[in-house]
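Following: one structure in structure tokens, then a few remarks.
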Amino acid sequence: MEDRDIQQPSDDRVPDLDEVLRGLALEAQNSPPGSRQRRRALTRLVQLTRTSGRLCRPYLGQFPHVYDEIYNEALQLLFIYICDRIDAYNPQRSPFLRWVNFLLQRRFFNQAIPKIIGDRREVSSNSLTPLPRVQQQLSTKVLPPSLSEAIAQCLREDPDGLFERRSLRQMPEITFKRIAIRRLNGESWKSISVDLGVGISTLSDFYQRSLSEFSEFIKDYVQT
Amino acid sequence: MNYSHHELTFNVPITQLMRSQAEHVSQCQDDSHKSRQVYRNVLAVLAVNYYCQCMGIETSVESSTVWDPALQFFANSADLELKNLGRVECCAMMNNQTKIMVSREAQYDKLGYIAVALDDDSKEAILRGFSENLVEDGDLFSLQNWDDLDLFLLKVEEWENQPSMVSSQVTQLSQWLRGWVDAGWQSLEALVAPEQQAPAWVVRGPMKSQEISQDSVIKRGKLLHFEGMDEAIALLISLDSEIAQEMDISVEIQSLDRRTELPLNLEISILNDEGQVVMQALAKSTEHIKLNFSGQPQEEFGVKVALGPVSFLEHFVI
């Protein structure tokens, strides 16, 4: 980790990676939190760190089969930490990559191990991104043999006549149901548009807008 | 090698947890092509969400359409809500390709589009580009015409700093009952009068005229002008002081003629004295939203009306 690149002649040399990283770290530290400058410096800092080829790989050779999983988990923890706590880095004390590798080796790799090979419940409860609500609801229910078939059936049956009633304001004959069925049959927006004589964006906006309204209804239908 | 002039991109390490979330949702689809599409949509959303977490950009990933099997069944979309700003589309693409597919239905109501390159074994995602608008018509776009993440960060700053139109003064509602109405708040008649299009709605509309004439009920409104919209939105506050210790308050938003739909995703929130949201409603193909609550004298609350990055905030004390 301590190997420095061969120094170039000092006149017109291109700054080496350590200098660039140190400069970016300073730029981030000197810009107000939440500012574009800080975010830009942090993005580049993490990016260069990731692609430098100089990130250490702790315990390489151990954890067969799951090493990459642990490593990726550790990197996620590491990058969040760098962005969040960049002010904790002291450019006078060490090169940026040494600080980062120290954190990866001593802290985040160890933290990542139990997330991958530890207790499964711990995996989901400690995750950065909690399982979204919808998904939890679905996972606690026994799924019908085919969820997507049930959704398609809901459209065809149109139990409350909702999908057939929902139409373009000026053209009551162009209904959500009609468009949806054609889309599900694989027809392109362009072809539907030409056939109905209505612009693509008018159709697709109407479709998307209607969908977000119907999603609760469809979910109820499918889950009962 | 010059490190400073590279395009601004970001590599997101994909974890087992992200893949298992994607796996879980994609299994709801029978069709293997659709299932694969959903899998990649979820990963794209989670990757952008992770980047936003790193950047301190607040999101609500749980509101994405990727978690809803029905929405994914009918549409190919991977949106991520940036809190209080709006939605960005996270466009999954193959790592080795230069074209990005953005379905027509995904092009609706978005702040912008982020290209997310996913490798075959889904171990890493690279956020490769950003486009605020899709200038070409269609659903296939060239990455080379897109900007890098620097523009995204610039835009986020713009969206975040869009002046929220905060009314500096606190409106004293108890004064209204005494007939003292703060400047800027007008009777319904005065609000509508300059608008010639719909002169009769006060009488004819579902808002009964007796409701206005009742002594204990007072209703006053204000017009909110959102940039880029022809028509103003009316914010109406009604007070009912029938019971002395409590005041019943209704807050409504509607178009002036009460027949035009409110802009999609127009959001109205009631805030408590600490600025926390206590009630909220979102316009989905609706002409009118009404929130009712009650409060005691001296209690403070706020009303926020927001459309995308622009918002109006009004403070009240009962």
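Below is a table of values for the structure above.
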quantity	calculated
Scan of region B:148-168 for residues that are more than 13 Å from chain A (Cβ to nearest Cβ) and at pLDDT 95 or above, ordered by number	none
Any hit, region B:171-183, residues being modelled with pLDDT of 55 or more and in a strand (DSSP E or B)	yes
Long-range neighbours under 8 Å by Cβ, at least six apart or interchain, first residue closer than 13 Å to B:Ala44 by Cα within region B:9-23, second acidic (Asp, Glu) and surrounded by fewer than 24 Cβ atoms within 10 Å (Cβ to Cβ)	B:Asn11/B:Glu124; B:Val12/B:Glu124; B:Pro13/B:Glu124; B:Ile14/B:Glu124; B:Thr15/A:Glu69
Segments classed as strands (runs of 3 or more DSSP E), wholly inside region B:223-302, with at least 2 members that are open to solvent by 40 Å² or more (accessible area, probe 1.4 Å), touching a residue at least 24 places away in the same chain (Cβ under 8 Å) and not assigned by TED's automatic domain parsing to the domain that holds B:Asn84	B:288-295
Single condition B:Glu7 does not satisfy, out of (1) more than 19 Å from A:Arg38 (Cα to Cα); (2) open to solvent by 30 Å² or more (accessible area, probe 1.4 Å); (3) modelled with pLDDT under 95	(1)
Residue in region B:130-147 that is at pLDDT 95 or above and among the aliphatic types (A, V, I, L, M) present	no
Every residue from region B:111-128 that is free of Cβ contacts under 8 Å to residues at least 60 places away in the same chain, within 14 Å of chain A (Cβ to nearest Cβ) and crowded, with 20+ Cβ neighbours inside 10 Å	B:Ala117
Residues of region A:68-84 classified as open to solvent by 20 Å² or more (accessible area, probe 1.4 Å) and over 19 Å from B:Tyr51 (Cβ atoms), total	2
Some residue of region B:303-315 being part of a loop (DSSP other than H, G, I, E, B) and surrounded by fewer than 18 Cβ atoms within 10 Å (Cβ to Cβ)	no
The lone exception for B:Ile14 - which of (1) closer than 30 Å to A:Cys154 by Cβ; (2) surrounded by 22 or more Cβ atoms within 10 Å (Cβ to Cβ) it fails	(1)
Region A:17-36 - residue that is under 25 Å from the mean Cα position of the chain (by Cα) and more than 9 Å from chain B (Cβ to nearest Cβ) and, of those, nearest to A:Phe96 (Cα to Cα)	A:Ala25
Condition check for A:Ile116: buried (at least 20 other Cβ atoms within 10 Å of the Cβ), at pLDDT below 95 and facing another protein chain (nearest Cβ under 10 Å)	yes
Selection from region A:163-181 of residues that are within 12 Å of chain B (Cβ to nearest Cβ), part of a helix (DSSP H, G or I) and open to solvent by 50 Å² or more (accessible area, probe 1.4 Å)	A:Ile181
Lone unmet requirement of (1) touching a Phe, Trp or Tyr at 6+ places or on another chain (Cβ under 8 Å); (2) at pLDDT below 90; (3) not aromatic (Phe, Trp, Tyr) for A:Ala180	(2)
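The values are calculated or read from the model by the stated rules, or taken from the named source; none is laboratory data. Computed from a predicted model, the values in this text were never measured in an experiment. Because the Cβ atoms are built from the backbone with ideal geometry, glycine has one as well, and the counts that use them run over all protein chains shown. Calculation scope for accessible area: heavy atoms of the full protein, side chains included, ligands and nucleic acids excluded. Shrake-Rupley method; radii C 1.70, N 1.55, O 1.52, S 1.80 Å.
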